[in-house]
1. From 125, 171, grab the single residue that is crowded, with 16+ Cβ neighbours inside 10 Å and closer than 28 Å to residue 26 by Cβ.
2. Considering the range 462-488 alone, what residues qualify as being surrounded by 15 or more Cβ atoms within 10 Å (Cβ to Cβ) and either in contact with a Lys or Arg (Cβ under 7 Å, 6 or more places away or on another chain) or among the β-branched types (Val, Ile, Thr) (or both)?
3. Hey, any hits in the range 179-190 for a residue that's surrounded by 21 or more Cβ atoms within 10 Å (Cβ to Cβ), modelled with pLDDT of 95 or more, in contact with a strand residue (DSSP E or B) (Cβ under 6 Å, 6 or more places away or on another chain) and over 19 Å from residue 73 (Cα atoms)?
4. Among the residues of the range 568-589, are any under 26 Å from residue 620 (Cβ atoms), touching a helix residue (DSSP H, G or I) at 6+ places or on another chain (Cβ under 8 Å), modelled with pLDDT of 90 or more and crowded, with 19+ Cβ neighbours inside 10 Å?
5. Take the residues in the range 365-400 that are within 29 Å of residue 78 (Cα to Cα) and surrounded by fewer than 24 Cβ atoms within 10 Å (Cβ to Cβ), then tell me which one is nearest to the chain's Cα centre (by Cα).
6. Spot the failing condition for residue 367; the list is (1) assigned to a loop (DSSP other than H, G, I, E, B); (2) away from ligand 2 (no atom under 11 Å from the Cβ), and only one is missed.
7. For the range 6-59, enumerate the residues that are part of a strand (DSSP E or B), in the same structural domain as residue 312 (by TED's automatic domain parsing) and in contact with a helix residue (DSSP H, G or I) (Cβ under 6 Å, 6 or more places away or on another chain).
8. Spot the failing condition for residue 227; the list is (1) among the charged types (D, E, K, R); (2) crowded, with 24+ Cβ neighbours inside 10 Å; (3) more than 31 Å from the chain's Cα centre (by Cα), and only one is missed.
Amino acid sequence: MTEQRMDTEYPHLLAPLDLGFLTLPNRVLMGSMHTGLEDDPADAPKLAAYFAERARGGVGLMVTGGYAPHPQGVLGAGGSLLDDPAQLPAHRIVTDSVHEAGGRIALQILHAGRYSKQPDLVAPSASRAPINRFAPRPLEEHEVLEHIESFAACAVLARDGGYDGVEIMGSEGYLINEFLAPRTNHRTDDWGGTPENRRRFAVEVVRRVRDAVGPDFLVIYRISLADLVEGGQTWDEIVALGQEVAAAGATLLNTGIGWHESQVPTIATSVPRAAFTSFTARLRPHVPVPVITSNRINMPQVAEEVLARGDADMVSMARPLLADPEWIRKAAGGRTDEINTCIACNQACLDHVFDEGKASCLVNPRAGRETELVLGPARRAKRVAVVGAGPAGLSAAVTAASRGHRVDLFEAGETVGGQFDLARRIPGKEEFAETIRYYLRQIELTGVALHLGRRVTAADLADHDEVVLATGVTARVPDIPGIDHPMVVTYPQALRGEVPIGARVAVIGAGGVGVDVSEFLTHPESPTLDLAAWRREWGVTDPESAAGALRAAEPEPSPRTVYLLQRTGGRIGTRLGKTTGWVHRAALAAKGVELVSGVNYEKIDDEGLHLSAGPEHADDRVLAVDTIVVCAGQEPVRDLLDGLRAAGRPVHLVGGADVAAELDAKRAIDQGTRTAAAL
Ligand code: NAP
Ligand code: SF4
């Protein structure tokens, strides 16, 4: 029986969890997220500050990014590895600071198997992963035992380094998962063939780890509840695995969903909230240990519903705690509306890590930079004018006000949010509305004076000590004959519903905005993040019904015919985020959007859009469309700049007003925050 707090909206979320030798204060696990700070011991103080801030925010248990137990299992050359006591001083910096902050931390042991991006990689069998250019060498039988021992040795080192436990990474298509699934395990010895043999590696790893660390140490096993690839495990195999790893000594089972090579998105913004908790619910009655659910749980109401329904004993969140280290403290204090919500964009976290950078957060640029981006009180309170209430202006205004400045935020329009106010209208990007809600609440809390519908002149700002120009961008109008034809509309007009859109549409420009607009045009007018429809679209089924939880995809047909065009040759969408670009391309393909690259726009007239392409106009065509939506990038809006500079005023340009070419909310919020941090 669990104790529940009745003085809160979230009694299940905030209930302690008694694990026998240890009681966790609430039901939140900060799930593993590789930050890139693990790879170099010199970054240990930064990692320590990052985790300690979250421990102070009320997270009871955290899991580090993955550390390989064996050099052949690193994520890539130079990747994090724990196989030698000489590495422990850096870990001690992290564990000591987490414990001082009142938290607990487990080290994730991750053997990358055939996903290891270095030439000396190993796997159960010699099949190359489609997302890795290196092919693995199959492990000899004696090496299988050596690698199992490496997990046990790594767990002992983790204990010696002050960790409260380990998480054994058994999902996402890494080595352990590769042994489990017939897709990657073609062995005919004791480690392959029958389901029991395929499970042996996972179970032996847990058994050896438990034997090595003793009873009073957390051992979390991350179990793949849906491989979401052909040749994945069946549900009976998964349940048997859960039972066997629990019997072998796992304290908790955490949920993993989908291999990295899966064609189904599992954490992108377009994945409905809590999309996979029903999978954990199916496992829970069959195993004798608490289960943790994960994926797209980003707000306390969602977590509470999942726990109250009995889907799981705990929820795992990683990105939401990057976005707001005080998530739990705010939830517990009845301040949910103050939470800076993770919008699942991946732009500053996973996309950075996949590009071998360091993770941060688009909506919270301090994440992973806690020691460097310090927002202390200002030395002298100034009058600050911020012009423009898009992401750059909003972040600048609330950061400046939080430091004690008196801030006026002027916005010519009637709403705040700028490009985010457009983005939130894209199907699958509804989460962007949370960021606007967050800033509106911060405006109230920090005392920013918000002036909506106010287009200021340089003279209006004469009394301010500092001016931050965040006036954003305007949609670029390309120089095409006939561009003033009534069928041509800009993307803000289309997204705001200011103009009727016909049944056949050409989208000029295939950057992030062109792709988003194409998604908008190929969905019905008021789409909802409906889980059943999402599962049909991506071919996901109940895990009992099919191995890997896959079935044939049946996307809803598009209500419109859409052509997405770019002048550059080659594949469309190559500049989209690493971890989300493929999701957008697959979504457009499912909706039948025709992607056309390498074209010239000749003219627009009543017949439609005239294109020329190919040698000697061999591929010229006319797209007989009703509407043309222009998504050809942006131009900066800086009308005030010259007047302010002429008056000798200190002006700080931020966001799209500074650089429109790479209009980017990540840079806008970062720049707004840093500018205000320096005022
Ligand atoms: P963009 O990425 O610069 O793309 C603009 C597109 O317009 C390009 O495909 C370009 O392709 C075309 N274009 C440029 N000048 C043109 C002209 N004079 N005539 C005709 N076509 C022209 O801009 P965006 O799509 O507005 O996106 C802006 C930024 O927002 C991006 O950098 C991205 O960071 C961010 N964003 C990202 C996402 C996402 O990742 N899902 C979504 C939205 C926005 P050609 O020159 O080849 O024709
Ligand atoms: Fe969430 Fe985006 Fe921040 Fe990553 S960068 S934590 S996905 S808001």
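The values are calculated or read from the model by the stated rules, or taken from the named source; none is laboratory data. Everything numeric in this text was worked out from a predicted model, so none of it was measured. Don't worry about glycine lacking a Cβ; one is built from the backbone with ideal geometry, like all the others, and counts go over all protein chains shown.
1. Only one candidate qualifies: 171.
2. Answer for the range 462-488, where residues must be surrounded by 15 or more Cβ atoms within 10 Å (Cβ to Cβ) and either in contact with a Lys or Arg (Cβ under 7 Å, 6 or more places away or on another chain) or among the β-branched types (Val, Ile, Thr) (or both): 464, 465, 466, 467, 468, 469, 471, 473, 480, 482, 483, 488.
3. The answer is no; no qualifying residue exists.
4. yes
5. 365
6. In the conditions (1) assigned to a loop (DSSP other than H, G, I, E, B); (2) away from ligand 2 (no atom under 11 Å from the Cβ), residue 367 misses (2) alone.
7. none
8. (3)
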